[in-house]
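Okay, so here's the structure we're looking at.
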Amino acid sequence: MRSRFIAVLPLLVAGLSTTAAAQTGESPFSFHAAINAGAGVSGKLPILGIPSFGTFDYRTAALQFRYRLDNSDQFVVQLVNRRLGLSPLQAALPDVALQWAYWQRRGRLGTIKVGRNPMPRGIFNETRFVGTVLPFFRPSFEVYGEGRETVDGFVYSRTDPLGSGSLELNVFGGSNEVRTQVVTATGNSIRAFRGNVFKGAQAWVNVAPGRTRFGGYFAQYRIDSARVYGWRHESLVSAETHIVPRTVLRAEGLRIYGVGPKQDRKSGYVQGVFNVSEKFDIMSEMSLTNNRIFQNPPLSNVDVVATRDRALGVTYRIGGGALLRLERHDVSGYAFDQLVPLLSTVAGKSVVAPQSAGMYWLGSFAFSF
């Protein structure tokens, strides 16, 4: 039933827009599309769904519909198709997902969104599926993962002057979906669950509008499932600056902490994008995740560098809203798509196994309008 609804919904919106256009002479209906299609090959160890024999089954396609009710109100629907090669996470993703479906009202006191809303979280969360505005094929997996994308509930936003810049505040609540791949003592664990009693806020300080900004995000939610019950707390700090000529510098740091079961994960990345010319960009990025492995006594808890990803890439803009991108990632750690040794026990003590090393190439084509 849900799949049938998703397929018919755009037709219903289009029908409404045709009727409104006949009455006003101007269509309140608009739509946008984005595709980010890639082909990749890894070294000996498969990672992020990319095997050593290669894959072309790697893409994100998004279709967004907007229906303007009046100057203050609009209705937005976005459908998304994801393919992640041979990633274990693919089993947790539907073929077509209703990513957004919300009503938005702009007023003197700010903007309110109600429904399934884009989550205000970090620099890239609301544009994570638009390949033409991303430096790499995807935002840093260490910080953004493949979940924590939407809020089923409400998002309130407002922007106020702050000196020569501005302060942007977002407050949200409801529930959300989480899909993640976690390194444990027995290997990678794929977790898909709902975060309930979800609440949080994000603030951005625009020191120099369009040049430099700093942000902070905090959220809390409860996990209710047959095997897991507990609370999670997330905090994310972000910074972005254009003060170096023809260069964008970004950095974000994330911590997820909670119980039921216990979790303490720290992730982050630093990124630089240099605009060589109107057509070419050169990109670099280093991502890192430190994960605490909690164990039962007498074994002690162990902190491990779960993943370290060093990436270089180049982007060529074809024109007309399209681009080509090539990137190489050198990865070390334990978060691969096949089991690699993480811990062993020696004389009653946990010993961290040596890191495994891998790499992958990913070429992609992105287009949006």
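The values are calculated or read from the model by the stated rules, or taken from the named source; none is laboratory data. The structure presented is a predicted model; accordingly, all values stated were derived computationally and were not measured. A quick note on method: Cβ atoms are made from the backbone with ideal geometry, for glycine too, and the neighbour counts reach across all protein chains shown. Quick note on the areas: whole protein, heavy atoms, side chains included, nothing else; ligands and nucleic acids left out. Shrake-Rupley method; radii C 1.70, N 1.55, O 1.52, S 1.80 Å.
The table for this structure:
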| quantity | calculated |
| --- | --- |
| Residue satisfying all of: in segment 123-165; over 16 Å from ARG325 (Cβ atoms) and among the polar types (S, T, N, Q); surrounded by the most Cβ atoms within 10 Å (Cβ to Cβ) among these | THR150 |
| Which numbered condition LYS262 fails, given (1) open to solvent by less than 30 Å² (accessible area, probe 1.4 Å); (2) farther than 26 Å from LEU312 by Cβ; (3) not aromatic (Phe, Trp, Tyr) | (1) |
| Hey, GLN74 at pLDDT 95 or above, within 17 Å of the chain's Cα centre (by Cα) and in a strand (DSSP E or B) or not | no |
| Residue match in segment 306-313 (condition: among the small types (Gly, Ala, Ser) and surrounded by fewer than 16 Cβ atoms within 10 Å (Cβ to Cβ)) | no |
| Selection status of GLU142, touching a residue at least 60 places away in the same chain (Cβ under 8 Å), among the acidic types (Asp, Glu) and in contact with a helix residue (DSSP H, G or I) (Cβ under 7 Å, 6 or more places away or on another chain) | no |
| Count of segment 54-111 residues which are within 30 Å of GLU26 (Cβ to Cβ) and not polar (S, T, N, Q) | 26 |
| Scan of segment 319-333 for residues that are more than 25 Å from THR132 (Cβ to Cβ) and open to solvent by 10 Å² or more (accessible area, probe 1.4 Å), ordered by number | ASP330, SER332 |
| Residues of segment 239-257 satisfying the condition of being within 23 Å of the chain's Cα centre (by Cα) and assigned to a loop (DSSP other than H, G, I, E, B) | HIS242 |
| Options LEU98, LEU79, LEU84, LEU109; residue that is more than 30 Å from TYR316 (Cα to Cα), within 18 Å of the chain's Cα centre (by Cα) and not hydroxyl-bearing (Ser, Thr, Tyr) | LEU98 |
| Lone unmet requirement of (1) open to solvent by 20 Å² or more (accessible area, probe 1.4 Å); (2) touching a His at 6+ places or on another chain (Cβ under 9 Å); (3) modelled with pLDDT of 95 or more for ALA219 | (1) |
| Residue under evaluation PHE280, criteria (1) open to solvent by less than 70 Å² (accessible area, probe 1.4 Å); (2) more than 30 Å from PHE193 (Cα to Cα), criterion not met | (1) |
